[in-house]
């Protein structure tokens, strides 16, 4: 079949790779890709900022296991993605970023939005390439899908110059200089003809292949057996399971079954939140640092020993420390495990479980001890939620929201202090029902994550938990939700402050510089973009307003609840470095 333009070639690769949605912000350099993708039946989801397109692609990868794809125009379109691409890299999400570029013959000559994009992207992606000929578009795209998935997943970048994407006739017209009269003009025409012939040569010879699936790296059986032996000898073991354990999405139920078969108490972090559902007897939620100090066996599965674990400083020196991770770097970060398994953490847990027979009494006393402390902390939170404040008590508000979480609710976290509080209280109902940016600490991911979540979980209630600071990053995307007929619910914790920073800066330096915001009417701004805007100031109305917002989304209209928060010292003393 004769191809009309290079955009169609890229679109055919995307179709074969099972890509259902293409996230983009339009630009002339990339129009042929979008047109070709729509002709292939791929839905084009256009957003209001390129970072949102990448965040949506990132969330798509996390929810489906298929690399998410974002297409952005040249120059500022590409540079606008940097933070979101770096976030995907740190979070180990397979994302394919396609960037437009100036026509090949005009590079370095002052063309519109011409910039050296590969050097800019190089430190944020696993692999980057600039395509030189039309016939190389398909191989480059397929290599991108391969590189994004293999080993430690991550983002990749494919630069596609505009003259490789448009029809050959259009490109020849672009390079036409009129009738050649002088010898110099004739020489230029000859060069341009040679150049166009070269970039379009053999452009129909390469056909896209089938979907590329990279099997997860297998754990070492011998090392796994050694860990199993030490685990059986432990009296107080503790598992900490992170995002990597959910990369192999088809096997998540088997990983859950493996955890239950082993029977050790578990803390979940990152994308693993919700992995065991609500109120699972093996899952602990509070006082993790204290539990680590008491444990005589610590296993990190898909979690690096970074700032979130105090760099391993709270592990008992005598504890047996084991780890499983796809990344050699993360496996030994800050504290080298006694036994480290380089491989997929989910596959490791499944293999580890084969060394155990189910025994609910194996560590019953230790688990009861942890659960009693968990319940004590839950009681403290419930008491603190009843304390009066000068606005809505954030603990009370989040406990009310927790009561509205159904079996298919998806929770999106985008913020600092308010969202960190939510992580203590909200319980996701199952695997892949909690999305947060990851260890990069990025703000602004909420709308892109929610966009992907709603597209892939059409029947789900998608809640974005925003701080008032983070809400400012993606407010305009409520227009995107409106235009694409996607209804999500946002809860904005409005404390008129960058509270995560103010909590330490003000007591330490006695200066609130840069930390103050205002109780802005975010609900009115959202209403102007097509959402239902609700303001919540009375704590007695918290349940009613949240239910009203949810009812709006069920009617097909997004809702934003602007909750005016009172001061809380719930997270006093918490600062991450």
Original post:
How many residues, within the stretch 352-394, are part of a loop (DSSP other than H, G, I, E, B) and under 30 Å from residue 229 (Cα atoms)?
Top reply: 10
Original post:
Among 349, 292, which is the only one that is under 24 Å from residue 151 (Cα atoms), touching a residue at least 12 places away in the same chain (Cβ under 8 Å) and not in a loop (DSSP other than H, G, I, E, B)?
Top reply: 349
Original post:
Among the residues of the stretch 452-478, which ones are assigned to a helix (DSSP H, G or I) and more than 27 Å from residue 392 (Cβ to Cβ)?
Top reply: 452, 455, 456
Original post:
Which one of 268, 299, 292 is closer than 21 Å to residue 440 by Cα and surrounded by 20 or more Cβ atoms within 10 Å (Cβ to Cβ)?
Top reply: 268
Original post:
Looking at the stretch 488-501, is at least one residue without any contact (Cβ under 8 Å) to a residue 24 or more places away in the chain and assigned by TED's automatic domain parsing to the domain that holds residue 433?
Top reply: no
Original post:
Going through the stretch 143-160 one residue at a time, which ones are closer than 17 Å to residue 11 by Cα and either surrounded by fewer than 19 Cβ atoms within 10 Å (Cβ to Cβ) or modelled with pLDDT under 95 (or both)?
Top reply: 143, 146
Subject >> Which numbered condition residue 282 fails, given (1) touching a residue at least 12 places away in the same chain (Cβ under 8 Å); (2) closer than 30 Å to residue 10 by Cβ >> reply: (2)
**OP:** Being part of a strand (DSSP E or B) and within 22 Å of the chain's Cα centre (by Cα) is the filter here, so list the residues in the stretch 142-163 that pass it.
**Re:** 155, 156, 157, 158
**OP:** Hey, could you check the stretch 503-528 for residues that are surrounded by 14 or more Cβ atoms within 10 Å (Cβ to Cβ) and in contact with a strand residue (DSSP E or B) (Cβ under 7 Å, 6 or more places away or on another chain) and say which is modelled with the lowest pLDDT?
**Re:** 515
Original post:
Counting just the residues of the stretch 410-429 that are in a loop (DSSP other than H, G, I, E, B) and more than 17 Å from the chain's Cα centre (by Cα), which one comes out surrounded by the most Cβ atoms within 10 Å (Cβ to Cβ)?
Top reply: 426
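The values are calculated or read from the model by the stated rules, or taken from the named source; none is laboratory data. Predicted, not measured: the structure shown is a model, and the values here were computed from it. Note that each Cβ is placed from the backbone with ideal geometry, even for glycine, and that neighbours are counted across all protein chains shown.
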